[in-house]
Every structure is written in structure tokens, then in C-alpha cells.
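A.B. asks: Here's a structure for you.
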Amino acid sequence: MAEMCPIFREDEQGVIHIAGELTIHSLERLRLFLTDLLHSNKEPELSLAEVTFIDTAALQLLVAFRKSLPAGRQWRLVAVSDQVERILTLSGLKKALLAQED
């Protein structure tokens, strides 16, 4: 079975939807996408509702991205798929990635 490369698209409300598989094989594409977000002035809202699989390499990159945001800048995960939520729960990263700064 061929891996489904991630697809990134922004909707009319500015939510960035990521679809497909987030794995070590697509890590560079995800890293470049997140680097562009980091250098923008946006406080990104991401939806992982269409992510069908995520591995530990992609999880580590998302955690690193969250930690690398400048002080006072936030991101929000506005939706996650059942698969992603399950992996976040099993890995113990649900709180770290879904927690919102006040």
C-alpha cells in the first residue's frame, strides 16, 4: 500500500487542514510547512481531522514546533481524527499538544 503524502490547505476561516499520513517518510515536507508557519505572523489553527496516521517522528516535530513558537504566540489544534486522538492518548502527548495557553 502506497503512503499518502500529507496535503496542506487553508480554508476561508484561516484554519489549516492537514490530510493524509504524517510519518517519518513525509517528515521533511511537514518540517518545511511548519517552518513557514513559524516565520509567518500567524497564530495558526490546525486541523488534523483528516490525518489517517501519525507516527512518533511527526509527533515529535509537532511538539518541537509548539515549543519553538515565540513568547506570546500560540497555536491551536481545532480538530483531530480518531486515529490521531488515539495516538496522542497512548503516547501521553494529548495534554502537551491539545492544551491551550491562556
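Bear in mind that the values in this text are calculations on the coordinates, not laboratory data. A quick note: this is a predicted structure, and the numbers were derived from the prediction, not measured. We place every Cβ from the backbone using ideal geometry, glycine too, and count neighbours over all the protein chains shown.
A.B. asks: Give a residue-ordered list of calculated ³J(HN,Hα) values for the range 76-88 (Karplus: 6.51 cos²θ - 1.76 cosθ + 1.60, θ = phi - 60°; whole Hz; x for Gly, Pro).
C.D. replies: Karplus-based 3J(HN,Hα) across the range 76-88 equals 9, 8, 8, 6, 9, 6, 4, 4, 5, 4, 4, 5, 4 Hz.
A.B. asks: Antiparallel versus total DSSP beta bridges in the chain: what percent is that, nearest 5?
C.D. replies: Around 25 percent of the beta bridges assigned by DSSP in the chain are antiparallel ones.
A.B. asks: Here is a follow-up. Using +1 on the beta carbon of Lys and Arg, -1 on that of Asp and Glu, and nothing else charged, what's the dipole of the chain about the Cα centre, debye to 20?
C.D. replies: It works out to roughly 380 debye.
A.B. asks: Which loop-located GluC sites (Glu not before Pro) does the range 29-102 contain, where loop means any DSSP state but H, G, I, E or B and the Cβ has at most 13 other Cβ atoms within 10 Å?
C.D. replies: Listed in order of number, the matching sites are 101.
A.B. asks: Restricting attention to the alpha-carbon atoms of the chain, what are Rg (one decimal) and Dmax (integer), both in Å?
C.D. replies: Both quantities, over Cα of the chain: 12.7, 43 Å.
A.B. asks: Here's something else I'd like to know. What are the residues whose amide H is under 5 Å from the amide H of residue 47, where those residues sit 5 or more places off or on another chain and H is modelled from the backbone?
C.D. replies: Those qualifying (amide H under 5 Å, at least 5 residues apart or on another chain) are 16, 17, 18, 78.
A.B. asks: Then there is this: All other residues with a Cβ under 12 Å from the Cβ of residue 46 taken together, and with Lys, Arg as +1 and Asp, Glu as -1, what is their net charge?
C.D. replies: Net charge in that neighbourhood comes out at -1.
A.B. asks: Continuing with this model, one more query. If you average over every viewing direction, what projected area does the convex hull of the Cα atoms of the range 1-58 give, in nm²?
C.D. replies: 4.2 nm²
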